[in-house]
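Let me begin by presenting the structure, written as structure tokens, before commenting on it.
The values are calculated or read from the model by the stated rules, or taken from the named source; none is laboratory data. All of these numbers come straight from a predicted model, not from anything done at the bench. Positions of Cβ are backbone-derived with ideal geometry, glycine not excepted, and every protein chain shown enters the neighbour counts. When the accessible area is computed, the model is the full protein with side chains, heavy atoms only, and any ligands, DNA or RNA have been set aside. Shrake-Rupley method; radii C 1.70, N 1.55, O 1.52, S 1.80 Å.
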Amino acid sequence: MAISFEVVHKDIAGRVGKLRVNDRTVRTPALLPVVNPHLPLITPREMQEMGVEALITNAYIFRRSTEFCDRALAEGLHSVLDFDGVIMTDSGSFQLSVYGKVEVSNRETLEFQRTIGSDIIVPLDIPTPPDAGRERAAHELVTTMDRIREAQRLFPDANLAGPVQGGIFPDLREEAGRAIQDLGFSFCPIGAVVPLMENYRYQELVEVVLAAKRGLSPATAVHLFGAGHPSMFALAVAMGCDLFDSAAYALFAREGRYITPHGSFRVDELAELPCPCQVCRSMTAEELRRSEDQERLLALHNLYVTLAEIARIRQAIQDGTLWELVDERCRSHPRLLAGYRDLLDHAADLARYDNVSKRRFFYCGTESCRRTEVLRYHEVIPRIPIGEGVLVSFDGRGGVPEFDTVLNFKPPFGPYPTELAETFPIGQSEVPEWDDDMVRSGCAGIRALMEAHPESRFAVRCDEVWVPLVLEEIPGMEVYHERV
Ligand code: GUN
Ligand code: ZN
């Protein structure tokens, strides 16, 4: 298959990569705007000029269109849409999920997608809705897998995407991911997540995506089908999603909604247009409200904002600051915050993919204590060379003669020897005034050291205010809190 994916930079489980499709390259994370040929609010050519390298359109709409079907068959999609980039087509499965049935078979849609010159073609997978029980999800997954195998058999040379289904059941998603991986796919969309996103069910989204990712190889490009609003892109990228297709820019515009990276507004709520895009800098909120061209102008703004967020995420990955961006974005809605916390529950899995060293670590509150960098540091702690008596000094002072080893302490990480003072994360972390959660996390680091060295004697030297907390976290700990 002529789809290949190369990871260039990574952060958490997110990556900046290159998706090569035939002879075209798409930088990832990438946003594929959804193009409806019947309502081209923004033409694909304009999108290309805005930096769009790939788009997605619906083969089902083309196939049933009196206006476009014959042209697509005769001229090909790139000519009809007037777009030089990568064009992915969807099969009609989304219509299936909305209307319950479609008048097309798996073979027919695949044949059609190929004939109109689509660069990435999608079989007729079944998007199992989140309220489906396990039996139905499992049954529909069997059908989806049969269709994926049929697609490979019928079109062995096509650029096929392998959609991962399985409803809200993590074990089914993982199994589906593994089965599709075993078939050799390098491009896998995760399907049936639109209803989760529409209803702010981000915790379930996190569970489903991470489960699918467990089954898939890290070398596979992962597309999140139908996502979404830019406020959730950072979270999705942190889990290892590489591509998004979104109609939000147009759907929101139709409803008079103005997208920002942390939420959206009705255009009549806006006194200002707080955005640097061309649209927002060329008119006032009042003018936008009164404009006859409002829907198109909003669509343009919405798409600019969405593309800028993708660029920001790519930059954050290269800077090693994706956690900070996720933290910031997920504070824009309580349900996103819940999803973020759920992701942190899986930090041990994510730590396996994360970089050992980064440029910096900014403490952004309690959630930061559970980040991958903290877990990784706690895994390093048992390897710190120590003597028989170890004093962990919160204020950097020694002064207790019977201890041969004095370690410093930096929350939320924990104890460290002077040799690590300049290395990541100790040297590159910015931590505000200590709070209870970070000191507790640091105490977990002390426990990790104690567990690795049961033969040594340990004590903590700290300000009086921390004594109760230290004793709570490390019962029986020897604590010094006065000058000795
Ligand atoms: N668009 C949004 N969700 C889905 C899905 O699950 N499958 C397909 N093929 N397209 C989608
Ligand atoms: Zn704007």
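For region 370-484, the strands (runs of 3 or more DSSP E) that sit wholly inside it and include 3 or more residues that are at pLDDT 95 or above are 389-393, 405-410, 414-416, 457-461. For region 91-108, the set of residues classified as open to solvent by less than 20 Å² (accessible area, probe 1.4 Å) and either assigned to a helix (DSSP H, G or I) or acidic (Asp, Glu) (or both) consists of SER93, ASN106, listed by residue number. The set of residues from region 96-125 being closer than 26 Å to MET197 by Cα and modelled with pLDDT of 95 or more comprises ILE120, ILE121, VAL122, PRO123, LEU124, ASP125. In this structure, is ALA227 away from ligand 2 (no atom under 16 Å from the Cβ) and under 17 Å from PRO130 (Cβ atoms)? Taking the combined requirement at face value, the residue satisfies it. Consider LEU322 against the criteria (1) farther than 20 Å from LEU243 by Cα; (2) open to solvent by less than 30 Å² (accessible area, probe 1.4 Å): it satisfies all of them except one. Which criterion is unmet? Going through (1) farther than 20 Å from LEU243 by Cα; (2) open to solvent by less than 30 Å² (accessible area, probe 1.4 Å) one by one, LEU322 breaks only (1). Filtered by the rule that a residue be open to solvent by less than 10 Å² (accessible area, probe 1.4 Å), assigned to a loop (DSSP other than H, G, I, E, B) and over 30 Å from SER332 (Cα atoms), region 182-191 gives a lone residue, PHE185.
Here SER4, SER105, SER93, SER79 are screened, and the one residue that is without any contact (Cβ under 8 Å) to a residue 12 or more places away in the chain and of a type in the set (Gly, Ala, Ser) is SER79. Pairs linking a residue in region 127-144 that is more than 15 Å from ligand 1 (Cβ to nearest atom) to a residue that is part of a helix (DSSP H, G or I), with Cβ atoms under 7 Å and 6 or more positions apart or on different chains, are ALA138/LEU172.
Just one of the listed residues (ARG440, ARG447) is of a type in the set (Lys, Arg) and over 30 Å from the mean Cα position of the chain (by Cα), and it is ARG447. Within region 192-208, the set of residues being surrounded by 24 or more Cβ atoms within 10 Å (Cβ to Cβ) and in a helix (DSSP H, G or I) comprises LEU196, TYR202, LEU205, VAL206, VAL208.
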